[in-house]
Every structure is written in C-alpha cells, then in structure tokens.
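S.K.: Quick one: the structure is below, questions incoming.
Bear in mind that the values in this text are calculations on the coordinates, not laboratory data. All of these numbers come straight from a predicted model, not from anything done at the bench. Cβ sites come from the backbone with ideal geometry, for glycine too, and all protein chains shown count toward neighbours.
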Amino acid sequence: MIQQHHLFALCLALSSSAAAQSFAGGDLSNSPGPYGIPPDQVFDAAQVPNSYLTVPINGYNTSIPAGPAIGTADTLPGWTLAIGVSANVPLAGADAPGVDAHSFMQMTALSVTPPAELDTPDYKEGDWRVCAIVFTGGLLKGVNGTGTGRGTADDGGCGGWLPQGCIGQLQARSVAVAGNASVGGCVGMEVPEVCKGYFGEGKGVAYEVSPSDDGNARIFFAAGSAPFTHRGNQTLLAAAEDAVWPLVLTWSHLGQSGAVHDSQGWLSCVRSGGGDAPSAGSRALVGGSIWALLMAGAVMLVL
C-alpha cells in the first residue's frame, strides 16, 4: 500500500456555487478532512450520502512491478470512481480557526475503488503513482451557458459541459503531466487557454491516490460547504449536488530507476445530482456529486 501521505487543505470560493469551501485531499484515512474534522468523521459521513454517483473507469493492473513491462498497455476492467454529497455533517470536531463547533457543512467526497480481483496490497509506491488533479474552482459555465449539468447525461463524459477543443487539450495535458509524476510526486495542471472561460480557477490541484480496496483509504478528496448553523440548509445542499467538478486521473507506471516508464491520463466531469439517493438501509462509501471520465492517449518514456 502507499506509504507516502500528501495532504493539502485550503479554503476558497467555489465559483459555481458562490460559497466559500474547505478542501482536503491525499490520504484522508490518516489526515484531517475539510475544516480539520477527524478522518473517521469524513469516512462516517461519506458512508451515508444524500445523493451519489458511481461511474466505471478504465484503470490498470497496479500490481505490475516497476519496468520493464508496460503497465498501461492494457486496461483492467472493474475500476470505479464514486462521488457523493452528505448532508448536515457536524463540525464539532473541526480545528480550523473561526469555525463554530455547533455548525454544520454539506460534504462532497470522492473515491476510487479497484476491481475485486486486484490484489491491492501488492501496490507499491515505487512501482506506480496514481494522481488526481482536481479543479477546485469548478465550472463557471458549460456549453449550455450554465455551470450546471441539467439536461446532460451523467455517464462519465465531459461533452455535456466542455467543448471538444477544451476536452482535447485537457486530455493531451493529462498524459504529459502523468509523464512528469516521478518528479516531486503528483503534479498540478494549468487550465488550457481554450478552457479558461469555463473554469473557476486557472490550475488544478494534485493529490496522490491510494488505489485501495480497504475502507476510507479509497477517499482521496473531500470538500465542505460554507458552514451553517441550522440543519437542513437546502440551498447549500442543492448547490453541492448540482455542482460540476472537472477531474483528471493520471496513472504513471515507473521504471526501475524511479522515472516514469509509461503513463495514461483520464479526464472526468461528474456531479452527485446526476446520480441516485441511496435506498433505505443502504450504505455507500461515497455519495454522488461531481465527476465523469474520458480517456486520453498513452505515452511511453524509454529509460
């Protein structure tokens, strides 16, 4: 399993919802979540989402050791990306300055789950690096002129929100970024010029992903809405469920020298409002809110 833990937490404005948020990413099984809430509180909240969306993704066999085999030559079916929004999450355990311990937040969480047949304990940090580049500013607008996905099929594609020229540029850059992942860990990505009218921020923030089948280790990103004092804030809940968040997943298979041997990148756009509410008595690892996927081409670096 991955041993290096990268945590980034920040508070900024999410343009699409016009509300301040707190973000946390990396290994959230051992690091604080939004507003500094404890890891177990993140996991417990994500288990009972108000809405959620799960989409299949084409991941890879991360048990393949570092070079000389080409790890991204063939995809491994069964990988999924899940996103969910959990309502009225208490901030009693928050340690961020100025947060009222009696307040609440609406929380969005994102996770990656490997196929059941993949022996994830064989995953080694020196063999692979899986990164998520999250565009935390969300979308200012989509091709339909709004920042929401109403009327768009939530099937893992970005075509309902971004023009093809923008998608092509993001896909190409995702592969290039994956090729640089051995240098200082995960690498963020600038928004291409052709896309800037659609994005709320100019750069995506990179978080390391642990492709684990073990509980809260799957969750690599969580966002908390602006705090509120009365349970049942439907305005913030609707904004969280309707928000569209672009995401790039990069898969870097390393060579024996530690440099990237081969790599792949995937672009995603999803939202929990496009998924389902959990049925009575059911529990989901993460509820739905914001993502989807489109594949980029592969790149190989000869060591």
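S.K.: What is the local net charge at residue 68, summed over the other residues whose Cβ is closer than 14 Å to its Cβ (Lys, Arg +1; Asp, Glu -1)?
M.R.: -2
S.K.: Viscosity 1.567 mPa s, temperature 4 °C: give me the Stokes-Einstein translational D for the range 187-249 in µm²/s, with Rh taken as the Kirkwood radius over C-alpha pairs.
M.R.: 88 µm²/s
S.K.: What whole number of Å gives the distance from the Cα centroid of the range 222-238 to the Cα centroid of the range 35-67?
M.R.: So the separation of the two Cα centres works out to 22 Å.
S.K.: Give me the one-decimal nm value for the distance between modelled label points at residue 44 and residue 176, 7 Å along each residue's Cα-to-Cβ direction.
M.R.: 4.6 nm
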